[in-house]
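The values are calculated or read from the model by the stated rules, or taken from the named source; none is laboratory data. Since this is a predicted model, take the numbers as computed values, not measurements. Positions of Cβ are generated from backbone atoms using ideal geometry, with glycine treated the same way; all protein chains shown enter the neighbour counts.
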């Protein structure tokens, strides 16, 4: 299986384990492409088997500073 297919399958599997609150947040941001993508990227890393804490910190900071008007 090519790497991109493996990554897509892993992300698909991760979407199934998002909590109800996180799925609600994704639905809420779905009409704003950039916000939605940043949220998906953050949650995928958050739910990853071994999350990269530095990356999570950077992504959360980016969401908090850039998308504050939305939240």
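Listing for the model above:
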{"read-out": "Which listed residue, of 53, 25, 60, is at pLDDT 95 or above and in contact with a helix residue (DSSP H, G or I) (Cβ under 8 Å, 6 or more places away or on another chain)", "value": "60"}
{"read-out": "Of residues in segment 17-43 being touching a residue at least 24 places away in the same chain (Cβ under 8 Å) and over 17 Å from residue 67 (Cβ atoms), the one surrounded by the most Cβ atoms within 10 Å (Cβ to Cβ)", "value": "18"}
{"read-out": "Exclusive hit being in contact (Cβ under 8 Å) with a residue 40 or more places away in the chain and surrounded by fewer than 15 Cβ atoms within 10 Å (Cβ to Cβ), set 70, 49", "value": "70"}
